[in-house]
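Have a look at the structure below before the remarks.
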Amino acid sequence: MKVAASDYDGTLLRGGKIDAETKEGIARWRATGHKFGVVSGRDYGMLVPQLRAYGVAFDYTVCNNGGIIRGTDDNVRFQAEIAPRALTAIAAEPTAQKSFHFAFSAAETTYLCHHSEGSWIEREAKEWDFPITYIEESDIAGLTKIHQFSLGFPEPEQSNACAEVLNAKLGDLIHAFPNACSLDITPAGIGKDEGIRTLLRVMGWDDAEIYAIGDETNDLPMLKAFDGFSLTTARPAIQEQARAVFPSVGAMLDHFC
């Protein structure tokens, strides 16, 4: 059996749409008995309504960079947790304070505070009707079962700089993955590569061949771990680390189907 693992933003979704070639490729891939899913930094509630609206069928989701895994239903198969003391330490960091928002991903909701104009969390919540629970910064210390802490910045350089600081100071507890202007923070040891390994274990797909594809820095762990692929629209620095480059996810699926 073959398992395709696609990033979402910039990979499956490009230019605000999922191209027809890719949707048709996914259908052909699944019709042969192979599995297809999305491995994303997004929350489940930010991802699945879009997949359904675009008419994309899937066999699993690995959301929040491996922090939470579900099958075709809403049942959680795996969930990681950031140590509560790490949440407060991150929130207090001066480089993190420059973020548009503090978004804390739990299984059933996203807790939001420190939000300001420019935050895409609220915008997407309104457009796609996913659950947000508003809190105060003073409530952060009481949060539990949080598997991702997300920040957002005006420029990618700010995301990269914040990631460097957080990984240097708190690398024993967390890992910060820059993704363009976003910064996704997971428990140490959690990433898209480990998310796929956990997926295979909890779904009983241990002997599957993996076909991973992505376009950004937070995709590199899975591309390196599974000798994966990138897109012609990805930055050269990402393309150089891929086994091969395709014009679309659908083109990759058809090549290996």
For region 118-137: of the residues being surrounded by 13 or more Cβ atoms within 10 Å (Cβ to Cβ) and among the charged types (D, E, K, R), which is nearest to the chain's Cα centre (by Cα)? Glu124
Top-ranked residue of region 22-33 - restricted to ones that are out of contact with any strand residue (DSSP E or B) (no Cβ under 8 Å at 6 or more places or on another chain) and surrounded by 22 or more Cβ atoms within 10 Å (Cβ to Cβ), ranked as nearest to Met46 (Cα to Cα): Thr22
Taking region 161-184 and keeping residues assigned to a helix (DSSP H, G or I) and either crowded, with 24+ Cβ neighbours inside 10 Å or without any contact (Cβ under 8 Å) to a residue 60 or more places away in the chain (or both) leaves Cys162, Ala163, Glu164, Leu166, Asn167, Ala168
Would you mention how many residues in region 1-21 are within 15 Å of Gln50 (Cα to Cα) and either surrounded by 15 or more Cβ atoms within 10 Å (Cβ to Cβ) or in contact with a Phe, Trp or Tyr (Cβ under 8 Å, 6 or more places away or on another chain) (or both)? 12
Does Ala103 satisfy the condition of being in the same structural domain as Leu183 (by TED's automatic domain parsing) and in a strand (DSSP E or B)? yes
Determine if region 15-37 includes at least one residue that is hydrophobic (A, V, I, L, M, F, W, C), under 16 Å from the mean Cα position of the chain (by Cα) and under 25 Å from Leu151 (Cα atoms). no
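For (1) among the charged types (D, E, K, R); (2) at positive phi; (3) modelled with pLDDT of 95 or more; (4) surrounded by fewer than 16 Cβ atoms within 10 Å (Cβ to Cβ), each residue gets a yes or a no:
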residue: Phe78; (1), (2), (3), (4): no, no, yes, no
residue: Leu87; (1), (2), (3), (4): no, no, yes, no
residue: Ile90; (1), (2), (3), (4): no, no, yes, no
residue: Pro94; (1), (2), (3), (4): no, no, yes, yes
residue: Phe104; (1), (2), (3), (4): no, no, yes, no
residue: Cys113; (1), (2), (3), (4): no, no, yes, no
residue: Asp139; (1), (2), (3), (4): yes, no, yes, yes
Region 185-244 - residue that is assigned to a helix (DSSP H, G or I) and small (Gly, Ala, Ser) and, of those, nearest to Leu173 (Cα to Cα): Gly195
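Inspect region 53-70 for any residue being in a strand (DSSP E or B), among the basic types (Lys, Arg) and in the same structural domain as Ala234 (by TED's automatic domain parsing) and give the result as yes or no.
Scanning region 53-70, I find at least one residue that is in a strand (DSSP E or B), among the basic types (Lys, Arg) and in the same structural domain as Ala234 (by TED's automatic domain parsing), so the answer is yes.
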Scan of region 119-160 for residues that are touching a residue at least 60 places away in the same chain (Cβ under 8 Å), over 14 Å from Ala86 (Cβ atoms) and charged (D, E, K, R), ordered by number: Glu124, Asp129
Among the residues in region 81-92, are any assigned to a loop (DSSP other than H, G, I, E, B) and either within 23 Å of Gln50 (Cα to Cα) or of a type in the set (S, T, N, Q) (or both)? no
Those residues that are modelled with pLDDT of 95 or more and either closer than 23 Å to Asp193 by Cβ or part of a loop (DSSP other than H, G, I, E, B) (or both), I need them from region 23-41; list them, please. Ile26, Trp29, Thr32, Gly33, His34, Lys35, Phe36, Gly37, Val38, Val39, Ser40
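The values are calculated or read from the model by the stated rules, or taken from the named source; none is laboratory data. What you see is a predicted model, and the numbers here were worked out from it, not measured in a lab. Cβ coordinates were reconstructed from backbone atoms using ideal geometry, including for glycine residues, and neighbour counts include every protein chain displayed.
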